[in-house]
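Below is one structure, written out as structure tokens; the observations come after it.
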Amino acid sequence: MMNPGLVAADFSPAPLVDHLCLLAAEAGQGMRMAAVRGQSLFDQDNAPDAVFLLRNGLVKLVYLTPDGDERIKSFIVDKGLFAVADANPAFGAVALEPSELLRLPPMWLKQQIEADDALKREYPRFLNWVRERKARRERALLCDTAEVRLRRLRAEEPVLVARLPQGDIARYLGITPIAFSRIKRRIGG
């Protein structure tokens, strides 16, 4: 999961994802999914009660406003984990690049966390990392200008920024594509 405010070195979900994929393979659990660029994995009206492990690729998590405008919740990059469980309203997920995922039942994950010592340690660290990132993103959206948010995103996630469509960067920053173009012109790039 990517949100401005914390750089990738703070924590990586990759070892957790790899461990869960291994456990799932050993147990014969999960449904493998391959998504092409632009494919909707699910929408907010039909979000499954499931845990998704992104094995590789790039996925955006989105909300749709009542007017049909898209708001980007976050990006899941290369290896990550996201879950939909009794969320109301739920979010949708769209592949921005060809992506491979594993869909798991939430109860299976819960059982693995209870039974596996490594997961007992790492899963709470992952949840704390997500909470911190969400808090920093909220603060940035409420307190920082769009220009500051763009500068921070470019500084902290330059490789990801190069992979993202410009319209998605604008929506992630919480601004219109027109405002995004004006800011880019003003600061260069």
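The values are calculated or read from the model by the stated rules, or taken from the named source; none is laboratory data. Small disclaimer: the values here were computed from a predicted structure and weren't measured. Positions of Cβ are generated from backbone atoms using ideal geometry, with glycine treated the same way; all protein chains shown enter the neighbour counts. For the accessible areas, the whole protein counts, side chains as well, though only heavy atoms, and no ligand, DNA or RNA atoms are used. Shrake-Rupley method; radii C 1.70, N 1.55, O 1.52, S 1.80 Å.
Computed values, structure above
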| read-out | value |
| --- | --- |
| With DNA, RNA and ligands ignored, accessible area of Val94 (1.4 Å probe; Å², nearest 10) | 30 Å² |
| Segment 121-152-segment 55-112 distance, computed between alpha-carbon centres (Å) | 17 Å |
| Gain on full stretching of the segment that runs from Val148 to Ile113 - 0.36 nm per residue minus C-alpha separation | 8.7 nm |
| Integer Hz, Karplus 6.51/-1.76/1.60 couplings in order for segment 34-49, x for Gly and Pro | 10, 10, 8, 3, x, 6, 7, 7, 5, 10, 5, 7, 10, 6, x, 7 |
| For segment 1-157: relative contact order, % (alpha-carbon pairs under 8 angstrom, 6 or more apart) | 33 percent |
| Rounded FRET efficiency, nearest 0.05, which uses the C-beta distance separating Glu97 from Leu141 and R0 of 30 Å | 0.75 |
| Solvent-accessible surface ranking, highest first, for Thr176, Thr65 at 1.4 angstrom | Thr176, Thr65 |
| For segment 34-105, convex hull volume per residue from C-alpha positions, Å³ | 72 Å³ |
| Listed residues Arg103, Arg133 arranged by accessible area, highest first, probe 1.4 Å | Arg103, Arg133 |
| Cα-Cα over 23 Å, subset of Lys60/Lys134; Lys134/Lys184; Lys79/Lys110 | Lys134/Lys184 |
| Calculated Rg and Dmax of the chain using C-alpha coordinates, Å | 16.9, 54 |
| Label zone at Ala27, where the point sits 7 Å out along the Cα-to-Cβ direction: segment 33-73 residues whose backbone N lies under 13 Å | 51 |
